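Report on one structure; see the data block that follows.
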Amino acid sequence: MRPANLKTKIFLDSGDVNETKEIISALGFLDGQTTNPTLIAKNPDAQKRLAEGNKFSAEEIMSFYKSVVSEVSNLIPEGSVSVEVYADKTSTADDLFEQGREMFRWIPNAHIKYPITKTGLEAASRSATEGMRVNMTLCFAQEQAAAIYAATYGAKKGGVFVSPFVGRLDDKGLNGMDLIKNITIMYGAGDGHAQVLAASIRNLDHLLYCLQLKCDLITAPFKVLKEWAETGMKMPGNDYIYPSHSLAPIEYQEINLDKPWQEYNITHEMTDAGIDRFAADWNSLIKAQ
C-alpha cells in the first residue's frame, strides 16, 4: 500500500515485464516505468534470442519493443511508460520527431524519450506543441534543464519530464543528488509544466534523499525498489542526512527560465557519451544489413 505521506511518484526503470509484475506485488502500486535501448537489450527474451545467434531485423526490434511496452502499459494503465527513440550523432530533428510520433501511438500512456541535444530539443518542442508527452533524458547540467523548460513551454503539467542521471555523475566524483536538488529548486520558480524525474538511481540512499527533496518523480531499478519494499517503504525522517561522502558538490546556478531555449548551453560530454552507449546497445540487437 502506498505510504500516506508519499507525494513523489515511483517508477521502475526496466525493460522486463516480469520485474514490473514483481514490483507491483512488492509495493502494492507503481506509478510508471521507464525504458531505454540498454534495458530492452537486457530483456530476457531478447537475451535468449541473441544467445541462439538470432539477431533482430530493424523492423523486428521495433515490434519487440512495442510488445514489451504494451504489456507494461496494460499492467499500469493509469501510469506513465517512457519509450525512447533511437538517436545517434547523425539523427535529425525530423528523424527523432517521426519516431516519437509513431511510438506515441503504441500505447495510450506514453512519454517519448528524446536526448538533450539540439535535434532532441527541436523534436521535443514540436512534440509538446502537438500535445505529445515527452521525457528528456541524459540530463547532466542545470542549464540543460532550463533549456527543456523553455523548449516545451506551454505544455500541460505532467507532459514534460526531465531525467537527470544521478549515478553517472557520482561515477565522475560529483554529487549527482545536488543536480536533482538544484533543478527542483529552479523549477519551483516556474509554472510547473516540467517535472524532475530522478534517474540513474543506484542505491536506497539516492531514493530516500529524492523523497526528502520532494522530487516530482523517481525511476529506480528493480533491486533498489525491492530493497525499499523490504524496509516497509520507509520514508526519510527529519533527521535523515544524505551520505555524500567525498563527492564534490554541484553548486546552484541562478538561471533565467524565460530565454529562448536556443540561448542555453546544452552541450555536455556525458550526454554525448550516453547517446553513443544507447545507440551501441540498440545496434547490438540488429542483424548487419
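No lab work stands behind these numbers, since they all come straight from the coordinates. Bear in mind that the values here come from a model prediction, so they are computed numbers and not experimental data. Positions of Cβ are generated from backbone atoms using ideal geometry, with glycine treated the same way; all protein chains shown enter the neighbour counts.
Quick one: the Cα spread of the stretch 14-104 along its three principal axes, in angstroms, biggest first?
Answer, in whole Å and largest first: 42, 34, 19 Å.
Using the basic label-point model (7 angstrom from Cα toward the beta carbon), what is the K214 to K172 distance in nanometres?
3.0 nm
Work out the FRET efficiency for E78 and R49 from their Cβ-Cβ distance, taking R0 = 30 Å, and round it to the nearest 0.05.
Details: r = 32 Å, r/R0 = 1.05.
With R0 = 30 Å, the Cβ-Cβ based efficiency is 0.40.
In the structure displayed, which of K21/K181; K157/K223; K7/K48; K21/K234; K66/K226 lie more than 28 Å apart, Cα to Cα?
K21/K181; K157/K223; K7/K48
How would you rank 229-241, 50-62, highest first, on the average number of other Cβ atoms within 10 Å across their residues? Don't skip to the end; give the middle numbers.
Details: 229-241: 11.3, 50-62: 12.9.
Descending mean neighbour count gives 50-62, 229-241.
What ³J(HN,Hα) values, in whole Hz, does the Karplus curve 6.51 cos²θ - 1.76 cosθ + 1.60 give for the stretch 125-138 when θ = phi - 60°, with x put for Gly and Pro?
Here the 3J(HN,Hα) series is 4, 5, 4, 4, 4, 7, x, 7, 7, 10, 10, 8, 9, 6 Hz.
So what is the 222 nm mean residue ellipticity for the chain from helices alone, if each DSSP H run of at least 4 adds -39500 (n - 2.57) and you divide by all residues, rounding to the nearest 500 deg cm²/dmol?
Details: 12 runs with 128 residues, N = 289.
Rounded to the nearest 500, the figure is -13500 deg cm²/dmol.
At a threshold of 8 angstrom on Cα-Cα distance, excluding pairs fewer than six apart, so keeping six or more, what relative contact order does the stretch 9-283 reach in percent?
21 percent.
How far is it, in nm, from the label point at R2 to the one at F29 when both lie 7 Å from their Cα along the line to the Cβ?
The answer from the label model is 0.3 nm.
Grab the beta carbon distance between E71 and D239, set R0 = 35 Å, and tell me the FRET efficiency rounded to 0.05.
Efficiency computed from Cβ-Cβ geometry: 0.25.
Rg (Å, one decimal) plus Dmax (Å, integer) for the alpha carbons of the stretch 115-177?
12.3, 40
Which of rounded, prolate, oblate describes the stretch 83-229, given a ≥ b ≥ c as roots of the alpha-carbon gyration tensor eigenvalues and a/c under 1.5 marking rounded, otherwise prolate only if a/b is larger than b/c?
prolate
Which loop trypsin sites (Lys or Arg not before Pro) in the stretch 145-208, with loop taken from DSSP, have no more than 13 other Cβ atoms within 10 angstrom of their Cβ? Let's see the in-between values first.
Details: sites: K156, K157, R168, K172, K181, R202; in loops: K156, K157, K172, R202.
Those that pass, being in a loop and sparsely packed, are K156, K157, K172.
How many percent of Cα pairs in the chain exceed 32 Å? The partial results should precede the final answer.
On the way: 8509 of 41616 pairs.
The calculated P(r) of the chain puts 20 percent of pairs beyond 32 Å.
So what is the relative contact order of the stretch 1-135, in percent, for Cα pairs below 8 Å that sit 6 or more residues apart? Present the calculation step by step, with values, prior to reporting the outcome.
Details: 180 pairs, mean separation 26.7, N = 135.
Value for the stretch 1-135: 20 percent.
For a quick check: with amide H placed at 1.01 Å from N, whose amide H comes under 5 Å from K113's, ignoring anything fewer than 5 positions away on the same chain?
Long-range HN contacts for K113: V83, E84, V85, N135.
List the equivalent ellipsoid semi-axes of the stretch 22-164 in whole Å, largest first, each obtained as the square root of 5λ for an eigenvalue λ of the Cα gyration tensor.
Semi-axes from the Cα gyration tensor: 25, 19, 14 Å.
If the label point is 7 Å along Cα→Cβ of D88, which residues in the stretch 40-65 have backbone nitrogen under 14 Å from it?
Only 58 fall inside the zone, counting backbone N under 14 Å.
Could the peptides 134-140, 189-195, 99-105 be put in order, highest first, of the mean number of other beta-carbon atoms found within 10 Å of their residues?
Going by the mean number of other Cβ atoms within 10 Å, highest first, we get 134-140, 99-105, 189-195.
Sorted by mean Cβ packing within 10 Å, highest first, what order do the peptides 213-219, 80-86, 252-258 take?
In descending order of packing, they fall as 80-86, 213-219, 252-258.
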